[in-house]
Amino acid sequence: MDDHRLDLDAYLQHIGYDGPRTPTLATLRGLVGCHAQTLPFENLSPLLGQPVELDVGALQRKLVEGGRGGYCYEHNLLFAEVLRAIGFEVGGLAARVVWGRGDDTITPRSHMLLRVELEGRSRIVDVGFGGLTLTGVLDLQAEVEQDTPHERFRLLPAEHGSYLMQAQLGSEWKSLYRFDLQPQERIDYEVSSWYLCHHPDSHFLQGLMAARAAPGGRVALRNNQLSVHRLGGDAQRRTLGTAAELRAVLETDLLIALPDLPELDALLERLAALPA
């Protein structure tokens, strides 16, 4: 096996997908669901000062062979290669994250999502948006509420032909990010990824973030604050007060094979000491 090529069999085995390998909507939905519920979102590499490489060989070694997770570029670049290998027509897009901000806030184009052309229609796929990663496939159609295995989503039209991605949380619609349809190349993501890993203002350098979509809910960790969300129910939250608790949650609930690094031990001790 060429270290710089995708090992499709290994990837599918890792995420637990054993369905058809034909470019259909059912296949796409199955792949998205398995990926989102197996491969976690996490920022350990930039937080520990480790390089984040975006070529397919490095992504395969980290997320599949290494049992790790990653952030949006790692997830969606790997997933795009998987889709192409199966026969899907897929391209990358970029988004401005507005979660927790005003919908019109000008933020960097720091998020990646995918556009898939299938059966004469454009679809949106995004397996790398942390605590609200899409677990389904959306039609690229504005002002239509669309169900996924987890939350309901919708796209609203925005200025200059762009779209606002929203998720329904309880009775409220929350905006996640704003994107347009300008195609992006890998080099565009390389530049943004370098910024996220190195700029002192990057949120990926401010603290630990990890999340995974689980069957019937979601698990999220922010520093030492654990949240477990059940569909249709309230979130359960607790503070993890020891490095051992943090390690157990990262490995068991978030399915991260933690690297054996002294820097990680120091990080977990530091996070466990944070106030509740």
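What the table shows:
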| read-out | value |
| --- | --- |
| Within region 106-148, GluC sites (Glu not before Pro) in DSSP loop having at most 11 other beta-carbon neighbours inside 10 Å | E119, E143, E145 |
| Computed [θ] at 222 nm, helices only, for the chain once each DSSP H run of length n ≥ 4 contributes -39500 (n - 2.57) | -8000 deg cm²/dmol |
| Efficiency of FRET between R61 and V144 - r from beta-carbon atoms, R0 35 angstrom, step 0.05 | 0.35 |
| Label-point separation in nm, D180 to T239, each point 7 Å along Cα→Cβ | 4.5 nm |
| Under the Karplus curve 6.51 cos²θ - 1.76 cosθ + 1.60, θ = phi - 60°, whole-Hz ³J(HN,Hα) for region 56-64, x wherever Gly or Pro sits | 4, x, 5, 5, 4, 5, 7, 7, 9 |
| Dipole magnitude (debye, nearest 20) for the chain, charges at Cβ of Lys, Arg, Asp, Glu | 600 debye |
| Listed residues Q60, Q50, Q141, most fluctuating in the chain (Gaussian network, C-alpha, under 10 Å) | Q50 |
| Residue among Q168, T135, H14 farthest towards the positive dipole end of the chain, charges placed on Cβ | Q168 |
| Which of H199, V228, P262, positive extreme of dipole for region 199-272 (C-beta unit charges) | V228 |
| Phi-based couplings in Hz for region 209-218 (Karplus 6.51, -1.76, 1.60; Gly and Pro marked x) | 9, 8, 7, 8, 7, 9, x, x, x, 9 |
| Within a Gaussian network of the chain (alpha carbon springs, distance under 10 Å), most fluctuating of D147, D126, D201 | D201 |
| Sequence-distant residues sharing a close amide H with L138 (under 5 Å, placed H) | I124 |
| The chain: most fluctuating residue of G87, G136, G128 per GNM, C-alpha cutoff 10 Å | G87 |
| Relative contact order, percent, the chain [alpha-carbon distance under 8 Å, six or more residues apart] | 18 percent |
| Selection of GluC sites (Glu not before Pro), region 184-259, meeting DSSP coil and at most 10 other Cβ within 10 Å | E185 |
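Bear in mind that the values in this text are calculations on the coordinates, not laboratory data. The shown structure was predicted, so the numbers you read here are calculated from the model rather than taken from an experiment. Note: ideal-geometry Cβ built from the backbone for every residue, glycine included; neighbour counts use all protein chains shown.
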